[in-house]
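Encoded as structure tokens, the structure appears first; notes follow it.
The values are calculated or read from the model by the stated rules, or taken from the named source; none is laboratory data. All figures in this text were calculated on a predicted structure; none of them were measured in a lab. Here the Cβ is made from the backbone with ideal geometry for all residues, glycine too, and neighbour counts use every protein chain on show.
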Amino acid sequence: MAETIVYKILAAHLKDGRLEAGEQTGIKIDQTLTQDATGTTAFLLFESIGAGRARTDLSVSYIDHNMAQFGPENHNDHLYLQTIAAKSGVYHSRAGNGICHQVHLERFAKPGITLLGSDSHTPTAGGIGALAIGAGGLDVAVAMAGGPFYLTCPKILGVKLTGRLPDWVAAKDVILKLLGILTTKGNVGWAIEYFGPAVATLTVPQRATITNMGAELGVTTSIFPSDEQTRKFLAAQKRENDYRALSADAGAIYDRLIEINLGELEPMAACPSSPDNVKKISEIEGMEVGQIAIGSCTNSSFSDLIMAARTLKGRRINPMVEFAVAPGSRDVLNMLAVSGALTDLISAGARILECACGPCIGLGLSPAEGIASLRTFNRNFSGRSGTKDDMIYLVSPETAVASALTGNITDPRRLAELLRIEYPKIELPDEFIVNDNMIEPPLSEKEAAKADVIRGTTIVVPQQPTKLSKDLKGEVLIKCGDKITTDHIMPAGAFLKYRSNVPEYSSFVFHCFNEKGKPTFANRAAKVKASGLAGIIVAGASYGQGSSREHAALCPMYLGVRVVLAKSIERIHKANLINFCVVPIELADAGDYDKISEGDKLRIDGFTETIKNKDEVKIIEETGTYEIKGKLNLSKRDRELLLAGGLLKYTLEKATARGKEK
């Protein structure tokens with residue numbers, strides 16, 4: 001039978017279950033990555049498992065998120081991650097070396113491997129032909145300990161690419177086009193596989209831009225074939241031995257097909273405040289812009305930045321535009337410096353930011369009130385930039401640099417007529433500057449046995465959930481709308497420094513919905529928990545989209561939340577809820593959402609028995625005003641995790657059972 005790339009890799013890594021769409025499947029994980037915003041919790045949980053040393057082929061701990069060090073918290077995290085990585089057999093990429101996805105693409109990712117990362121944009125490595133999946137830190141910890149990763153075997157969406165990108169039209173416009181078609185909702189349980197004659201015209205960095213932002217669709221992963229472009233990229237990174245050809249078989253069947261003619265695309269933007277609010281630049285052209293940033297794990301490659309530098313060479317950005325550039329890795333920064341492109345960017349008026357996530361996660365460069373900010377990032381959720389009611393537009397580097405010159409949103413195809421600028425043709429270099437001296441290899445087992453792990457006082461081992469009660473009695477703590485992101489649940493930006501201290505970070509759950517002079521969500525949850533009732537969150541469609549941050553499940557659990565009742569729940573967040581013993585229930589009838597109000601007291605009789613062997617949940621409002629039904633879309637293993645008290649307890653119980661068998 002002709003196979004897709006996704007199913008070829010899944011078959012080669014199958015450890016449990018069946019390769020059939022919709023079935024829960026356990027696969028072997030070859031590589032893992034963590035970053036400092038999620039990594040501290042992941043390593044604390046890894047230590048709790050007691051595995052000692054990582055049992056993957058390769059694991060890497062990156063420092064790239066919490067770089068603004070106001071107070072000791074972030075540096076405490078860095079030192080803990082550096083020392084626990086060395087002791088655990090894990091490579092460590094130091095602060096300043098670059099964004100995890102860019103560095104991993106350059107230095108570690110390989111065609112045909114499985115990669116699990118505690119970051120939702122881990123599928124970036126799909127641009128090199130890896131099956132790369134984002135997950136919560138506890139799932140990554142289990143994989144590091146040698147356990148399989150469980151996922152719902154996906155349906156495959158085949159995206160056929162034809163034609164060739166015109167000048168000034170970018171890979172970013174390809175994924176924005178797809179977001180305009182598919183939106184951010186309704187794509188759970190799918191993976192995207194790109195094929196067709198135009199694939200050969202796209203470089204690995206261009207492919208990585210497309211797979212990176214596939215995370216905004218809510219799909220499990222996205223992947224490109226491994227071909228001559230892949231070989232050239234790996235050779236330029238001095239890793240040609242990591243190359244292997246990989247493509248779908250002729251006649252491979254896709255569950256759905258979409259065709260995109262690259263030659264018919266034009267520059268696009270995701271308008272405020274969702275990545276799927278996509279419009280053509282020609283439709284919004286002329287709007288005044290006050291701030292522009294090029295960077296993030298989506299668009300910070302050497303080819304992106306050299307294009308910007310060549311366009312700006314000898315010119316000056318508009319004096320009313322604040323323009324910033326964040327290289328994706330130290331090697332990219334070195335390449336810009338050696339080539340003279342860094343001088344061109346600086347001379348044009350660019351601010352050069354650290355090789356890190358920075359403004360993409362709200363750490364610095366927040367825009368002023370009431371101005372439009374163009375960014376080459378992947379998310380523009382309201383307030384994510386650090387400015388309330390921000391106006392963030394997601395665009396390509398080409399559109400960004402054109403707009404930086406004019407001071408208005410500008411179709412870059414008009415630069416020839418406006419400023420007599422021709423498109424700079426960019427070819428990837430035959431050889432990249434490679435300097436790995438900020439990637440630290442782990443200690444040997446003998447050395448590790450004597451090594452100490454540095455643990456600052458701000459690093460607190462996460463509390464584990466208690467087991468679920470036989471019957472559930474709870475109170476609705478909050479009623480949210482559609483498309484509630486993990487940013488809404490757990491704020492990023494300046495709040496990230498509390499991630500290693502769940503009790504502290506939990507005080508900011510649903511911070512954006514707290515009203516001045518009224519009890520916060522955390523206050524209300526604490527009161528309900530003290531009364532002996534469970535906390536219940538009610539939400540609309542696509543609850544938990546966005547970042548993989550497991551704190552969006554872990555912190556509500558700490559506050560006593562035991563149920564999320566929503567119209568639909570996104571993949572990674574649903575897995576995180578289950579991992580921390582919060583029961584995800586979907587409304588059988590979406591119309592029942594309107595019956596529920598904040599403060600309602602709900603009851604589920606035979607709660608654990610229902611989780612054990614039923615799909616339908618009867619939910620009763622205590623005064624008898626209404627009775628509604630929910631759905632438990634859970635696998636057998638999901639049910640076992642919930643009944644065990646979460647993934648960590650389940651994993652430890654399994655390990656104990658295996659030990660007794662021996």
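Thr466 - would you say it is at negative phi, of a type in the set (S, T, N, Q) and either buried (at least 18 other Cβ atoms within 10 Å of the Cβ) or without any contact (Cβ under 8 Å) to a residue 24 or more places away in the chain (or both)?
For Thr466, the condition - at negative phi, of a type in the set (S, T, N, Q) and either buried (at least 18 other Cβ atoms within 10 Å of the Cβ) or without any contact (Cβ under 8 Å) to a residue 24 or more places away in the chain (or both) - is not met.
Considering (1) under 29 Å from Leu165 (Cβ atoms); (2) crowded, with 17+ Cβ neighbours inside 10 Å, say which one Leu419 fails and leave the rest.
Only one criterion is unmet by Leu419, namely (2).
Any chance region 97-110 includes a residue that's in a loop (DSSP other than H, G, I, E, B), closer than 16 Å to Cys355 by Cα and not charged (D, E, K, R)?
yes
Quick check, is Ala252 in contact with a Phe, Trp or Tyr (Cβ under 6 Å, 6 or more places away or on another chain) and either of a type in the set (Gly, Ala, Ser) or outside the structural domain of Gly158 (by TED's automatic domain parsing) (or both)? Steps first, answer last, please.
Values: in contact with a Phe, Trp or Tyr (Cβ under 6 Å, 6 or more places away or on another chain): no; either of a type in the set (Gly, Ala, Ser) or outside the structural domain of Gly158 (by TED's automatic domain parsing) (or both): yes.
No; evaluated as a whole, the condition is false for this residue.
Can you find a residue that is at pLDDT 95 or above, more than 17 Å from Pro462 (Cβ to Cβ) and not assigned by TED's automatic domain parsing to the domain that holds Ser382 anywhere in region 543-550?
Kept after step one, since they are at pLDDT 95 or above, are these residues of region 543-550: 543-544.
Now drop any that are not more than 17 Å from Pro462 (Cβ to Cβ), which leaves 543-544.
Still in the list and also not assigned by TED's automatic domain parsing to the domain that holds Ser382: 543-544.
Yes, region 543-550 contains a residue that is at pLDDT 95 or above, more than 17 Å from Pro462 (Cβ to Cβ) and not assigned by TED's automatic domain parsing to the domain that holds Ser382.
Spot the failing condition for Glu398; the list is (1) over 27 Å from the mean Cα position of the chain (by Cα); (2) touching a residue at least 40 places away in the same chain (Cβ under 8 Å), and only one is missed.
Here Glu398 clears every test but (1).
Taking into account only those residues within region 433-448 that are among the aliphatic types (A, V, I, L, M) and out of contact with any strand residue (DSSP E or B) (no Cβ under 9 Å at 6 or more places or on another chain), which is surrounded by the fewest Cβ atoms within 10 Å (Cβ to Cβ)?
Val434
Going by the structure shown, is Tyr393 touching a residue at least 60 places away in the same chain (Cβ under 8 Å), farther than 30 Å from Ile578 by Cα, out of contact with any Asp or Glu (no Cβ under 6 Å at 6 or more places or on another chain) and aromatic (Phe, Trp, Tyr)? Please lay out each step first, then the result.
Numbers: touching a residue at least 60 places away in the same chain (Cβ under 8 Å): yes; farther than 30 Å from Ile578 by Cα: yes; out of contact with any Asp or Glu (no Cβ under 6 Å at 6 or more places or on another chain): yes; aromatic (Phe, Trp, Tyr): yes.
Criteria met by Tyr393.
Do we find that Thr376 is touching a strand residue (DSSP E or B) at 6+ places or on another chain (Cβ under 7 Å) and either closer than 19 Å to Ala170 by Cβ or surrounded by fewer than 23 Cβ atoms within 10 Å (Cβ to Cβ) (or both) in this structure?
When the stated conditions are applied, Thr376 passes them.
Is it the case, given these coordinates, that Arg330 is of a type in the set (D, E, K, R), buried (at least 19 other Cβ atoms within 10 Å of the Cβ), at negative phi and modelled with pLDDT under 95?
Values: of a type in the set (D, E, K, R): yes; buried (at least 19 other Cβ atoms within 10 Å of the Cβ): yes; at negative phi: yes; modelled with pLDDT under 95: no.
Taking the combined requirement at face value, the residue does not satisfy it.
Identify, please: which residue in region 111-137 is modelled with pLDDT of 95 or more and part of a helix (DSSP H, G or I) and is, among those, farthest from Lys574 (Cα to Cα)?
Once the filter is applied, the top-ranked residue is Ile128.
Please name all residue pairs, on different chains or six or more residues apart, with Cβ atoms under 6 Å, provided the first residue is in region 242-264 and is part of a strand (DSSP E or B) and the second residue is hydroxyl-bearing (Ser, Thr, Tyr).
Partner pairs satisfying both residue conditions: Leu246/Ser226; Asn261/Thr162.
Quick check on my filter: what residues within region 513-542 are free of Cβ contacts under 8 Å to residues at least 24 places away in the same chain and either outside the structural domain of Gly599 (by TED's automatic domain parsing) or under 27 Å from the mean Cα position of the chain (by Cα) (or both)?
Asn514 - this is the single residue of region 513-542 that is free of Cβ contacts under 8 Å to residues at least 24 places away in the same chain and either outside the structural domain of Gly599 (by TED's automatic domain parsing) or under 27 Å from the mean Cα position of the chain (by Cα) (or both).
Within region 580-626, track down each residue that is in contact with a Lys or Arg (Cβ under 9 Å, 6 or more places away or on another chain) and among the aromatic types (Phe, Trp, Tyr).
Tyr593, Phe607, Tyr626, listed by residue number.
Run down Asp436, Asp471 and say which single residue is more than 28 Å from the chain's Cα centre (by Cα) and modelled with pLDDT of 95 or more.
Selected residue: Asp471, the only one of Asp436, Asp471 that is more than 28 Å from the chain's Cα centre (by Cα) and modelled with pLDDT of 95 or more.
Check whether at least one residue in region 422-431 is among the hydrophobic types (A, V, I, L, M, F, W, C) and buried (at least 19 other Cβ atoms within 10 Å of the Cβ), and report yes or no.
Among the residues of region 422-431, not one is among the hydrophobic types (A, V, I, L, M, F, W, C) and buried (at least 19 other Cβ atoms within 10 Å of the Cβ), which makes the answer no.
If I ask for residues that are surrounded by fewer than 23 Cβ atoms within 10 Å (Cβ to Cβ) and either among the charged types (D, E, K, R) or within 17 Å of Thr343 (Cβ to Cβ) (or both), which ones from region 307-327 would you list? Break it down into steps so the answer makes sense when it comes.
Initially, region 307-327 is screened for residues surrounded by fewer than 23 Cβ atoms within 10 Å (Cβ to Cβ), giving 310, 313-322, 324.
Within region 307-327, Arg310, Lys313, Gly314, Arg315, Arg316, Ile317, Glu322, Ala324 meet the criteria.
Quick one: in region 235-266, which of the residues that are closer than 30 Å to Trp168 by Cβ and of a type in the set (A, V, I, L, M, F, W, C) is surrounded by the fewest Cβ atoms within 10 Å (Cβ to Cβ)?
Leu257
Among the helices (runs of 4 or more DSSP H) contained in region 380-459, which hold 2 or more residues that are of a type outside the set (S, T, N, Q) and closer than 19 Å to Leu333 by Cα?
Counting at least 2 such residues, we get 397-406.
Among the listed residues Cys355, Cys360, identify the single one that is buried (at least 23 other Cβ atoms within 10 Å of the Cβ) and assigned to a loop (DSSP other than H, G, I, E, B).
None of the other options fit; the residue is Cys355.
Of the residues Ala530, Ala494, Ala451, Ala522, which is of a type in the set (A, V, I, L, M) and crowded, with 18+ Cβ neighbours inside 10 Å?
Working: Ala530 fails: crowded, with 18+ Cβ neighbours inside 10 Å; Ala494 fails: crowded, with 18+ Cβ neighbours inside 10 Å; Ala451 fails: crowded, with 18+ Cβ neighbours inside 10 Å.
Every option except Ala522 fails the conditions.
Examine region 76-92 for a residue that is under 26 Å from Arg239 (Cα atoms) and touching a helix residue (DSSP H, G or I) at 6+ places or on another chain (Cβ under 6 Å), and state whether such a residue exists.
Yes, that holds for at least one residue.
Is there a residue being within 30 Å of Val502 (Cβ to Cβ), without any contact (Cβ under 8 Å) to a residue 40 or more places away in the chain, in the same structural domain as Gly251 (by TED's automatic domain parsing) and within 22 Å of the chain's Cα centre (by Cα) anywhere in region 38-50?
Looking for residues that are within 30 Å of Val502 (Cβ to Cβ), without any contact (Cβ under 8 Å) to a residue 40 or more places away in the chain, in the same structural domain as Gly251 (by TED's automatic domain parsing) and within 22 Å of the chain's Cα centre (by Cα), one finds none in region 38-50, hence no.
Can you name every one of the strands (runs of 3 or more DSSP E) wholly within region 564-662 that holds 2 or more residues which are outside the structural domain of Ser48 (by TED's automatic domain parsing), surrounded by fewer than 20 Cβ atoms within 10 Å (Cβ to Cβ) and at pLDDT 95 or above? First the steps, then the outcome.
Details: elements: 583-587, 601-604, 616-621, 627-631.
Where strands (runs of 3 or more DSSP E) fall fully within region 564-662 and carry at least 2 residues being outside the structural domain of Ser48 (by TED's automatic domain parsing), surrounded by fewer than 20 Cβ atoms within 10 Å (Cβ to Cβ) and at pLDDT 95 or above, they are 601-604, 616-621, 627-631.
Kindly evaluate Ile294 against the criterion of being under 22 Å from Asp119 (Cα atoms), surrounded by 21 or more Cβ atoms within 10 Å (Cβ to Cβ) and modelled with pLDDT under 95. Before the answer, list the steps.
Working: under 22 Å from Asp119 (Cα atoms): yes; surrounded by 21 or more Cβ atoms within 10 Å (Cβ to Cβ): yes; modelled with pLDDT under 95: no.
Here the answer is no, as Ile294 does not meet what is asked.
Looking only at region 179-213, which residues are within 25 Å of Glu228 (Cα to Cα) and among the aliphatic types (A, V, I, L, M)?
Initial filter on region 179-213 (within 25 Å of Glu228 (Cα to Cα)): 191-213.
Answer for region 179-213, where residues must be within 25 Å of Glu228 (Cα to Cα) and among the aliphatic types (A, V, I, L, M): Ala191, Ile192, Ala198, Val199, Ala200, Leu202, Val204, Ala208, Ile210, Met213.
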